[in-house]
Structure formats: structure tokens, C-alpha cells
1. Can you give me the number of residues within the range 157-182 that are on the phi < 0 side of the Ramachandran plot and either in a strand (DSSP E or B) or not assigned by TED's automatic domain parsing to the domain that holds residue 200 (or both)?
2. Looking only at the range 34-48, which residues are more than 7 Å from the ligand (Cβ to nearest atom) and either in a helix (DSSP H, G or I) or more than 14 Å from residue 65 (Cα to Cα) (or both)?
3. Mind listing whichever residues of the range 163-199 are in contact (Cβ under 8 Å) with a residue 60 or more places away in the chain and within 13 Å of the ligand (Cβ to nearest atom)?
4. I need the full set of residues from the range 113-145 which are under 20 Å from residue 65 (Cα atoms) and more than 14 Å from the ligand (Cβ to nearest atom), in order please.
5. Scan the range 146-156 residue by residue and report those that are within 11 Å of the ligand (Cβ to nearest atom) and assigned to a helix (DSSP H, G or I).
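The values are calculated or read from the model by the stated rules, or taken from the named source; none is laboratory data. Just so it is clear, the structure is predicted and the values come from calculations on it, not from any experiment. Positions of Cβ are generated from backbone atoms using ideal geometry, with glycine treated the same way; all protein chains shown enter the neighbour counts.
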Ligand code: GRF
């Protein structure tokens with residue numbers, strides 16, 4: 001018997017690995033720096049997970065590179081300090097990244113979370129936080145790297161896509177995978193509807209993956 005689309009949406013999210021969180025409440029909160037370029041819904045869920053006591057961390061600073069990023073408004077509303085670093089003001093990717101590193105160090109950041117950061121990073125940034133940078137991407141990597149990942153999935157005709165949280169390395173959207181969630185592609189999906197359902201899963205796995213990697 002076929003399941004209805006509704007029940008498919010409700011049941012067919014598979015998150016892996018399945019983790020039960022360690023009780024990290026007796027340890028010092030992990031100091032996070034979040035980097036975002038746009039809407040900032042992933043920033044918001046990390047902040048909310050902290051507020052709800054599900055993630056033993058504190059957000060030291062939000063760095064954003066786009067003056068109109070809604071993420072900055074969200075940070076302000078939550079009393080999180082934010083710093084605008086506009087890449088257009090720097091002569092090279094390396095110079096830009098040096099300023100990012102300086103800011104992250106100034107705020108005593110231990111782990112860096114790229115939550116919708118739409119810039120390629122250089123070795124300068126990777127070297128400053130080796131194996132301590134986390135990225136979220138709206139596909140099941142290694143499929144559909146780069147921009148327009150949701151459109152790429154629709155164009156390829158895949159029936160299942162999803163999202164991936166991974167450690168950052170120099171090669172774009174690569175690096176060890178921490179956690180993934182699968183999302184079914186429905187016949188009438190547009191990039192917007194599919195991305196919307198992928199984001200529901202992003203919001204579930206990003207705080208879990210940060211806890212998995214950083215709360216050791
Ligand atoms: C997410 O889909 C993330 O996977 C991608 O950019 C989007 C950011 O969304 N890297 P938001 O700004 O957190 O709402």
C-alpha cells in the first residue's frame with residue numbers, strides 16, 4: 001500500500017547518526033562564533049537550543065558579510081554581539097579571512113559555525129581553527145556541492161535529498177561528515193517548497209551536530 005504524501009512528509013526524515021547527547025551541563029559552555037550571510041534561521045535555532053538547555057554553548061559573536069543580512073537583526077534581538085565584515089572592503093580573500101580570524105580570536109571563539117556563509121574560505125581561516133569549523137549544506141553531500149544545491153537536486157530528478165553538517169576543509173562542501181538528514185522530493189516540489197522542508201531538517205541536525213562535535 002502506498003503512503004499518502006502527508007504521511008510521507010511526516011515520517012520520512014531519516015537522521016544519521018542517531019545520537020543521545022552526553023550530559024555536558026557540568027562543563028564550561030563551548031564558545032561559538034557563527035558566520036552567516038543571509039536569513040539566519042540556522043543562527044536562530046542554535047541560539048534557541050542554547051536557551052533551551054539542549055546545547056551547552058554560548059554564542060560569542062555573529063560575523064556577517066552582507067549589510068542587509070537578517071541574521072544581524074536576529075542577533076540583536078537575542079542580545080548577541082554582531083560584527084559586519086564586508087568582503088568588498090578587502091583586496092583579497094586572504095586579507096578578508098585574516099580579519100575574520102582576528103575578530104574570532106578577539107571574541108575568544110573556540111568553534112566556528114558557518115550557518116549560511118556564502119563565501120569560499122581560504123587556508124588562512126582553516127589553519128586558525130583546524131577541525132573546529134562546521135558547515136551546513138542543503139544536500140546529501142557529496143551530491144550537489146556549491147550554490148543552487150536544491151535546484152541541482154530537482155534538475156537531477158533525485159527522489160531523496162537532504163542536508164549535511166560537516167567539518168570544513170579547503171575544498172568546497174567537503175570534509176568529514178558529522179550528520180545528515182534525508183528529505184523526500186515530492187512530485188510538485190519547487191526549489192522553495194523543497195528548501196523549506198530541507199530547512200526543517202537543518203534546524204534539527206545543526207544543534208545536534210554541534211553538540212556531537214564540540215561537547216566532548
Ligand atoms: C541553508 O540552507 C544552509 O544549508 C545553506 O544556506 C542556507 C542558510 O539558511 N548553506 P539560513 O540563513 O540559516 O536561514
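1. First pass over the range 157-182, keeping only residues on the phi < 0 side of the Ramachandran plot: 158-161, 163-172, 174, 176-182.
Now narrow it down to the ones that are either in a strand (DSSP E or B) or not assigned by TED's automatic domain parsing to the domain that holds residue 200 (or both): 160-161, 163-167, 177-182.
Residues that pass the stated criteria total 13.
2. 44, 45, 46, 47, 48
3. Residues of the range 163-199 that are in contact (Cβ under 8 Å) with a residue 60 or more places away in the chain, as a first pass: 179-184, 186, 197-199.
Within the range 163-199, 179, 180, 181, 183, 197, 198, 199 qualify.
4. 122, 123, 124, 125, 126, 128, 129
5. 149, 150
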